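Take a look at the structure set out below.
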Amino acid sequence: MSRLAFTVEQESPGSQARAARFQTLHGEVRTPVFMPVGTQATVKNMTVDGLKAIGAQVLLANTYHLLLRPGPAVFRKFGGIHRFMHWDRPVLTDSGGFQIFSLPESRVMTEAGARFRSYVDGELHFLSPESSIDMQRAIGSDIMMVLDQCIASTAPLAEAEAAMHLTHRWAERSLRARGDSPAALFGIVQGACHRDLRLLSADYLRALPFDGLAIGGLAVGETHEQRYEFTGLTTAELPKDRPRYLMGVGTPIDILESVHRGVDMFDCIIPTQLAQRGTAFSSHGRLHIRRAVYKFSEAPLDAACSCSTCRDYSRAYLHHLIKSDEVLGWQLLSIHNLAFYQKLMAEIRATILDGTFVSYYERQRVALVLEDQANPSVRPAPAKSQTVPRRGDYEILTAPQGFSSIRQVSSGEVMHSVSAPEDEANRLYIEQSQLARRLQRRTPEDTQPLVVWDVGLGAASNAMAAIHRAEKEIASAGPAALRPLHLISFERDLDPLILAARHASHFPHLRHGAPHGLLNKGRWGHASGLIDWQLLRGDFLEHLEAAPAPDLIYFDPFSSKTDTALWHTDVFARIHRHCQAGSAELYTYAAGTAVRVALLLAGFYVAEGVGTGPKATTTVAFTRRDGLGAEPGAPRLLSGDWLARWRRSDSKFPAGLDAVQQAAVEQRIERHPQFSAL
């Protein structure tokens, strides 16, 4: 029987995010929740009244540090930490496992526990699962944590497996040690960055009578992308009827991404640690208040914040305090940063409850990684010796406008060279094909999936644009109103996606679990069951006829100079034949005469698409004339003007044709049904 009476109030459509509440010995907690870190029974630079003023619900204290000073006798005299520090709201105590991990030169690990030397007085101490629980009972916390063996997230398999099994044995000893204590106890999932171990650990611990389960061993060496991947992997295996706690995480974007993946509870020293370095989070982007640009600024730190720092002090004064190393500066920035975190959690919870979290997530996942937008830093030009991220034949290029693209070194071709990848994908493919409208069910019986081919996966810009749009529709219209989306990506070389995913800070569209699921398993499915993303790896021409016939084709391989074989008439003819049973539309960035002629010869009706990037127009092709949309802004079929230009063109025929073949091509174009009424 849980000691927390945990209740899920709302789950977000299109996301694993959820809002819940649970009851502790010192009050109710509403999730998602961020817990300020009060390692030694105090949150740095904050008073208890200040913490209450910003809305802190739970504080985190550390068993290891409090064991060394002031020690269990003090807490027993005062009846626990709440009276000792004058805090009447819930407290969670970490067990000390991470601190022991942080002292490799000063501790010895055994099956029994960890022997270590105190940094306070040099005395030897021994911490076991039993003594950790005993100390936490003396502290009087509302939520206790089991003692675990924390190791680097990048540890090799054998080391990670041994630590995981030791953590499991210690977890069972911690449960026995708790006895009849009314405090809750959480187990900790370990396994480093090894999928099988994480799944095994989650499976083992969820069978034990813990009141909640934590994800440990992250934010200790892995990349952001690995953190998101293993967070999502683990939460999917944890029971829904208990809170999920991601330990030691993190930045605002880390929290947003983790809520999206089903986490309920967070803690981190970042808000106060960065405050002491002069950094503040704000609705304008991250501010480095030491910068001279703020020296004369009368503006508040954050115009959208109502905390006492923003209400009473100017950026100029805060700049002065930080430059002068005044403690008051650290305190004022700590107040604001913690208020920013609490406001973020309140907004996240509110959007989950009202069903708008996915759209909020899409906005904030961009906003939360920005620097001060009103006062951007002027960065020096990178040194010529700076290493450009590269994998195989591909490298990352960052444009002067700030967005990044993938460049093929051998050909020099750049994927999305002028516009940000996600902007071009949305304009050319998602909006022009009216994907959102096509996902709407026309009748209750309309449950056939909308099949979309993504030809040329690249760095997954087009595929992720489709997934993000579908998730927005799931959130806004609800699953019952939508058809399933079956997205099929064709790619023979995954290096561009692997490179981009490993540097997702350059590619906002990849801050999602889907690309990592696709790379790991070749398939990813949305929790609602309405999105199925499949990878067909290898030559597109080998998979073409075996794949389900598409409704929409996003045709985005490299140009005919690099991927020559994919732009021939016979390839488009094979696509056309495969789609004859239904009505299909093909969208591509190419607008050259040769491509349009090839599509016409293959039997398509060809229209002029929207301009994007450096191109004034693009191309849309239809297998049927009645497939051309009648809505405002629908693509316009090529007409007499185009035909007249084609007749005058010096490159009107595919290369390599003799005179007889050219005459046949000319006749087929002139007689194409598209131009029959001209």
What spacing in nm lies between the two simple spin-label points modelled at Arg636 and Ala616, each 7 Å away from Cα in the Cβ direction?
1.3
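From the helices alone, meaning DSSP H stretches of at least four residues, give me the mean residue ellipticity at 222 nm for the chain, per-run term -39500 (n - 2.57), in deg cm²/dmol to the nearest 500.
After summing the helix terms and dividing by the residues of the chain, the value is -10500 deg cm²/dmol.
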Express in whole angstrom the spacing between the alpha-carbon centres of segment 1-75 and segment 493-551.
38
Long-range amide H contacts for Ala590: which residues qualify at under 5 Å (H placed 1.01 Å from N, peptide plane, sequence gap of 5 or more or a different chain)?
Thr619
How much net charge surrounds Phe22 when only other residues with a Cβ under 15 Å from its Cβ are counted (Lys, Arg +1; Asp, Glu -1)?
+3
Give me Rg over Rh for segment 273-368, both radii from the alpha carbons and Rh done the Kirkwood way, two decimal places.
1.03
Among Gln662, Leu59, Tyr294, which residue has its Cα furthest toward the positive end of the charge dipole of the chain, with +1 on Lys/Arg Cβ and -1 on Asp/Glu Cβ?
Tyr294
Listing Asp658, Asp302 by rising number of other beta-carbon atoms within 10 angstrom, fewest first, gives Asp658, Asp302
For the chain, build the charge dipole from Cβ charges (+1 Lys, Arg; -1 Asp, Glu) around the Cα centre, then report which of Ala581, Ala591, Pro449 sits farthest towards its positive end.
Ala591
Taking square-rooted eigenvalues a ≥ b ≥ c of the alpha carbon gyration tensor, is segment 49-99 rounded, prolate or oblate, where a/c under 1.5 means rounded and, failing that, a/b exceeding b/c means prolate?
oblate
Here FRET efficiency (C-beta to C-beta, Ser411 to Ala158, R₀ 35 Å, nearest 0.05) is 0.25
Among bridges DSSP assigns within the chain, what percent are antiparallel (round to 5)?
50
Dipole of segment 527-637, Cα-centred, from +1 at each Lys and Arg C-beta and -1 at each Asp and Glu C-beta, to the nearest 20 debye?
320
Extension gain (nm, one decimal) between Gln662 and Ala581, 0.36 nm per residue minus Cα-Cα
26.1 nm
Three-way shape label, segment 49-173, alpha-carbon gyration tensor, a/c 1.5
prolate
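Please report the relative contact order for the chain, taking Cα pairs under 8 Å with a sequence separation of at least 6, and give it as a percent rounded to a whole number.
About 10 percent, as a whole number.
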How long is the gain from Glu542 to His165 if the chain were fully straight, where each residue apart is worth 0.36 nm and the alpha carbon distance is subtracted?
131.2 nm
Output the peptides 587-598, 388-399 sorted from most to least packed, where packing is the average of other Cβ atoms within 10 Å over each peptide's residues.
587-598, 388-399
Let me know the charge dipole size of the chain about its Cα centre in debye, to the nearest 20, where only the beta-carbon of Lys, Arg (+1) and Asp, Glu (-1) is charged.
860
By Cβ neighbour count within 10 Å, fewest first, Arg21, Arg315 rank Arg21, Arg315
Each residue of segment 451-459 in order: what ³J(HN,Hα) in whole Hz does its phi give by Karplus 6.51 cos²θ - 1.76 cosθ + 1.60, θ = phi - 60°, with x for Gly and Pro?
9, 10, 8, 10, 8, x, 4, x, 9
Considering only Gly517, Ala504, Ala527, whose Cα is most displaced toward the positive end of the charge dipole of segment 491-531, charges sitting on Cβ of Lys, Arg (+1) and Asp, Glu (-1)?
Ala527
Solitary cysteines of the chain, where the nearest other Cys Cβ is not under 4.7 Å:
Cys150, Cys193, Cys268, Cys307, Cys579
Need one word for the chain: rounded, prolate or oblate. Basis is the Cα gyration tensor (sqrt eigenvalues a ≥ b ≥ c); a/c below 1.5 gives rounded, then a/b vs b/c decides.
prolate
Mind jotting down the distance between the C-alpha centroids of segment 567-597 and segment 198-256, whole Å?
46
So how far apart, in nm, are the two label points at Arg438 and Ser359 if each is 7 Å from Cα heading toward Cβ?
2.3
Net charge within 10 Å of Pro389 by Cβ-Cβ distance, Lys/Arg positive one each and Asp/Glu negative one each, not counting Pro389 itself?
+2
Where labels lie 7 Å past Cα in the beta-carbon direction, separation of Lys240 and Phe126 in nm:
4.6
Cβ-Cβ cut-off under 12 Å around Arg291, Lys and Arg +1, Asp and Glu -1: the net charge is +3
Sorted from largest down, give the three principal axis spans of the alpha carbons of segment 340-459, whole angstrom values.
60, 43, 23
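Nearest 20 debye, what's the magnitude of the dipole of segment 1-123 about its Cα centre given +1 on Lys and Arg Cβ and -1 on Asp and Glu Cβ?
Dipole about the Cα centre, nearest 20: 240 debye.
Every number here is computed from the coordinates shown, using simple stated rules; none is lab data. Note that the structure is a prediction, hence the values are computed from the model and not measured. Because the Cβ atoms are built from the backbone with ideal geometry, glycine has one as well, and the counts that use them run over all protein chains shown.
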